[in-house]
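Taking it in order: structure first as structure tokens, then the write-up.
The values are calculated or read from the model by the stated rules, or taken from the named source; none is laboratory data. Computed from a predicted model, the values in this text were never measured in an experiment. All accessible areas refer to the heavy atoms of the entire protein, side chains included, with ligands and DNA or RNA removed. Shrake-Rupley method; radii C 1.70, N 1.55, O 1.52, S 1.80 Å.
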Amino acid sequence: MLQPCLTACIEKKYFAKFDPYFFQTFAGGVSDAGTPLKAIPAYIELNGSKAPTLPEKGQVQMVMEEKTNIHRSSKTTKVEKPKLISSVKNPVVSPVAKKMVQNREAVQSEQPRVLIYHTHNRESWLPELQGKTAPNEAFESKINVTLLGKDLSKKLKAKGVSVVQSADDYPSKISNFEYVKSYTYSKATLSKELSKHKSIEYVFDIHRDSESRNKTTILYNNVNYAKLYFVVGRDNPNWKQTKNFATRLQNKLNEKIPGISKVIYQKDHSSGNGQYNQSLAEFSALIEIGGVENVLEENYRTISILADVIHEIWHEDHNSAI
């Protein structure tokens, strides 16, 4: 049933890479947003270039529903810090609106400032799973991306930034679990946490990419790091604010290790979920870290760099000294 589509994509010199979870729902299936699943081009921003212009054929693979595969990167571009949007439908108060006293020493707050959660919580890595070799087997109930969230939380807390992490295991928690509804499940989690913790300023949804090792690993000073990239939902009415936040993160990451952040990838409902829960939080980032063939240690190294960058941006937004 998939063959005609694949053939058409190949004839047009596009390449289609489908997440194995979607094979059974590709024909006649629907996304979280209720739109039919199909393989079509999506918007892509290469390290801060202008949008929304559809990429040239050589710049992007075909995508389907929630997973993306990006191959190109470019030099980072300096951008200004994002300006506040006057009409933000968000229960979270902007970090910029909550400026701290100049040069105030950062201390551990009792109220969490950062929320970490995981829409695809069971995404894992083949080298960490005994006896599994196929990419569609890289899913596990305990050894998964929630470990990256836990590590990021630990490293931020050590820097004086209070963090809360949600590590809900949706396949076991949700009755009649359906993978294509993952963002519906995680939206409920995010809404609950934001309602519970009014002090949250930054929100991070940590994922794992499905690409192979040669596309998800970077060697820097003879040490391997897992590459990462950002996804921005263009159906979020304040998507430009979300993109600016991702750009700030990406530029600082690439200043530390050039090329560690590959792209800022933009998708609307025609090529995926469209919002990725980003309309709920003004400063929100969906981050794909590493791939199915990376080992945990490579991911943890990247988490260390990410923690440094988040810490720096947090101090910038609060006019405080590190």
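Observations, loosely collected:
- Amide H within-cut-off set for GLN165, under 5 Å, with H built and near neighbours excluded: ILE116
- Residue-normalised convex hull volume from the C-alpha trace of region 245-322: 112 Å³ per residue.
- Considering only region 124-269, percent of DSSP beta bridges that pair antiparallel, nearest 5: 45
- Computed accessible area, THR184, all protein chains, 1.4 angstrom probe, square angstrom: 80
- According to the calculation over all Cα-Cα pairs in region 185-322, the P(r) per 5 Å bin from zero is 2, 10, 19, 21, 20, 16, 9, 3, 0 %.
- For region 202-322, DSSP calls about 40 percent of its internal beta bridges antiparallel.
- Phi to ³J(HN,Hα) by Karplus 6.51 cos²θ - 1.76 cosθ + 1.60 over region 209-223, Hz, x for Gly, Pro: 6, 9, 6, 7, 4, 5, 9, 10, 10, 10, 9, 9, 6, 6, 10
- Residues whose amide H lies under 5 Å from that of THR217, counting only those 5 or more places away or on a different chain, are LYS227; hydrogens are built 1.01 Å from N in the peptide plane.
- The ellipsoid that matches the Cα gyration tensor of region 225-282 has semi-axes, each √(5λ) in whole angstrom, of 23, 12, 8, with the longest given first.
- Fraction of accessible area attributable to carbon and sulfur, region 151-225 (%, probe 1.4 Å): 48
- For region 263-316, the solvent-accessible area of protein heavy atoms averages 19 Å² per residue (probe radius 1.4 Å; ligands and nucleic acids excluded).
- When region 147-230 is reduced to its Cα atoms, the Kirkwood hydrodynamic radius in Å: 15.5
- Taking amide H as placed 1.01 Å from N in the peptide plane, the amide H of ARG208 sits under 5 Å from that of ILE289, each at least 5 places away or on another chain.
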